[in-house]
Amino acid sequence: MRMAIAPHGLHHVTAIASDPQGNVDFYTRALGLRLVKQTVNFDAPDTYHLYYGDEVGNPSTILTFFPWRGVAAGRQGSGLTTATAFSVPPESIGWWQRHLTGLGLDVDGPRTRDGEEVLTVSDPDGLVIDIVAAPGDARSGWDGVAAIPAEHAVRGLHSVTMSERLPERTAALLSGLLGMQLDGEDGDRARFAMAGGGAGAVVDVAADARPRGLQAGGTVHHIAFRAPDKPTQALWRRELVEAGLHVTEIVDRQYFTSIYFHEPGGVLLEIATDAPGFAIDEPLLELGRSLKLPPWLEPSREQIAAALGPLRVDERAS
Ligand code: ZN
């Protein structure tokens, strides 16, 4: 049976950090995201894998990090996802500018892009974070951070920007096999929408003549799109394979299952399932407060915890 691929939005973005504590402090206090899971990189269990999101860690609100202590700084350039955007209510953009500036961060903007106001800030490793004033975003975000009133809270991911030397090749994959719709062009940028688009379901492809970027600290590792369930994911995988892409087997990531493949410009893409989610191994109220390991790593918990080092999660900020 053939089944057209049609992801219904961004699932998560995964990036590379250096110091895990600085990462936790920035994303919980400055951006007001909830740390929804402390676990390890399943492919390198001596390093953390940290997940941030809304209260539940719903798909389309998730940003995750591999913090590798001592990692060299990456370099922005083509063939990378060069910006990760979060959505806030349009009337909150001034509040965010004051909040971020008040924390001593360099804030660029607001400027207008694709008809929306955008602020840009860098995390402690230089990862580029856009804050986009997006009307009509019905997601509720996370209101557990005392310094960030619920009405201003980040609602979730807005979009990502893929920078490409040959943007037409990437555009052809997104609008062809991956079933996205071209949803406007602004200068050297083209916007692609999933499932009708809107915040959380947007990919921007920007023409970028720079040399290929270097993926290391402060850069995005991969971006993931949403599949509704595992059977659909398996059918989509077959479509990708039949189209000639090199796609991994379905990998168990404990909180979702995943497949991975590269787009022609070099960006690693993932398709991840919505279920089972982050409440599978700890109660909703306690998400992110302690180290969780998949069953096959539990026997090594002591050594793993020693290698990771402690992480301080401020209860008031998380
Ligand atoms: Zn991923």
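Coordinate-derived values only; no laboratory data. None of these values were measured; they are calculated from a predicted model. Reconstructed Cβ throughout: ideal geometry from the backbone, glycine too, with neighbour counts over all protein chains shown.
Candidates Trp96, Trp68: the one that is free of Cβ contacts under 8 Å to residues at least 60 places away in the same chain and either in contact with a strand residue (DSSP E or B) (Cβ under 7 Å, 6 or more places away or on another chain) or closer than 29 Å to Phe278 by Cβ (or both) is Trp96.
Within region 202-224, is even one residue within 16 Å of the ligand (Cβ to nearest atom) and free of Cβ contacts under 8 Å to residues at least 24 places away in the same chain? Scanning region 202-224, I find no residue that is within 16 Å of the ligand (Cβ to nearest atom) and free of Cβ contacts under 8 Å to residues at least 24 places away in the same chain, so the answer is no. Hey, could you check region 109-129 for residues that are part of a strand (DSSP E or B) and more than 21 Å from the chain's Cα centre (by Cα) and say which is surrounded by the most Cβ atoms within 10 Å (Cβ to Cβ)? Taking the candidates together, the pick is Pro110.
Of the residues examined, Arg301 is one that is within 19 Å of Ala44 (Cα to Cα) and of a type in the set (Lys, Arg). When Leu293 is tested against (1) away from the ligand (no atom under 16 Å from the Cβ); (2) closer than 24 Å to Leu311 by Cβ; (3) out of contact with any Pro (no Cβ under 9 Å at 6 or more places or on another chain); (4) touching a residue at least 40 places away in the same chain (Cβ under 8 Å), exactly one condition is not met: (3).
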